Amino acid sequence: MAEFDAVAFLVVLGRALRAAGVPAGPDRVQRAVEALAALDPARRDDVYWAGRVTLCTGPEDLRRYDAVFAALVAGELPRLRPRPVTVVQSVPVATAGPDSDEAGAESGEFDALLRAAASTVEVLRHKDVTTLQSAEREAMQRALAALQLPGEPRRSRRWRRSPYGGAVDPRRTIRALLRSGGEPARLYHRRHARRPRRVVLLVDVSGSMSAYADALLRFAHAASRRRGAPTEVFTIGTRLTRVTREMGSRDPETAMAAVAAAVPDYSGGTRLGVLVRDFLDRWGQRGMARGAVVVILSDGWERDDPALLGAQMARLARLAHRVVWCNPRKGRRGFAPLAGGLAAALPYVDDFVEGHSLASLERLAEVVAGTGAGRKERLGA
């Protein structure tokens, strides 16, 4: 793999992996570039391992990584949407001088800088959003703006041609027989098309969630940019507000300003049971929640009777394909689901996840896409 731009290759590799369903965001591409700086960019094996150890999130990504990497090396570039990707490599290059001791010292300093850079990126991904400084918060917001949220696939009623088997396509097969004068012809096949499921997000903007509301709304904005899949966003506090239209702008700041103008109950109280009931009566029961992945982003504090929330969650669980509850406070040490509303809702929740950091929101995107662990592993507490 001589005479090529290794950094550009890693950028294209990250984009191709995201298109293949691997959450290789810009932060992971940055880490791949930093890892490659410590290796030999001209060696295919070094480029392969620099990408594999930084761009894959778990064993389930390795097969797709190998396939995408092999395709790119073979020159089979996937058809990707143009997307500006900026990868900043600010690592000093150590130059060996005549004094081997001096060269060794510079090399050691170079390795230390690489380890420090990688450590800083990883710490930022796992820091609670309430503890971020201004520059860190801006970096996290950029990462959330680039977040990919593929929908969990479902089988559609529509058929599409299949060259690899499936059910026999009677119409195409009979037409082929007629064209050949009744002589035996090949069997044509078809499969049900697959489409991403609808995703519905209910974002708690009450006073107890005010420190996390901005990050969660930015996550919802990233989700609403999914192409070919319907996404609905509501805010919940003392009233239910549909903000899907406000999330329509591609610019996150414009979308956040529009949501702020549309939501009258920021930092107020919480009426989860009443608002989940309103959602089901006005939208969910009529089709919006049927077969959808419904995500509730809330700490579960409820000022009304928790039994009402439990009853409405039971209704929601019967309608939705999956119910995901994201609680930013779950990431805190010693957390236990003791809040009245949360305790009443959990029996009807399929996935209970954290949402306090960039890494946990990336994990939430995987859970929404259906690639996360099972319910029992997450409910744990």
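Each value in this text was obtained by applying a stated rule to the coordinates, not by laboratory testing. All values reported here derive from a predicted model rather than from experimental measurement. We place every Cβ from the backbone using ideal geometry, glycine too, and count neighbours over all the protein chains shown.
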Quote the charge dipole size of segment 252-381 about the Cα centre in Debye, to the nearest 20; the model charges only the Cβ of Lys and Arg (+1) and of Asp and Glu (-1).
340 debye
Would you mind calculating the gained length between ASP251 and ARG226 on full extension (0.36 nm times residue separation, minus the Cα-Cα distance), in nm to one decimal?
7.6 nm
Which FRET efficiency, nearest 0.05, do ARG194 and ARG171 yield, Cβ-Cβ r, R0 25 Å?
0.75
Ranked by how many other beta carbons lie within 10 Å on average, peptides 292-299, 304-311 from highest
292-299, 304-311
Quick check on packing: order 263-273, 278-288, 350-360, 130-140 by the mean number of other C-beta atoms within 10 Å, highest mean leading.
350-360, 263-273, 278-288, 130-140
Efficiency of FRET from Cβ geometry, ASP304 and THR244, R₀ 30 Å, rounded to 0.05:
0.70
How much FRET efficiency would the formula 1/(1 + (r/R0)^6) give for ALA70 and ASP128, where r is the Cβ-Cβ distance and R0 is 30 Å, rounded to 0.05?
0.15
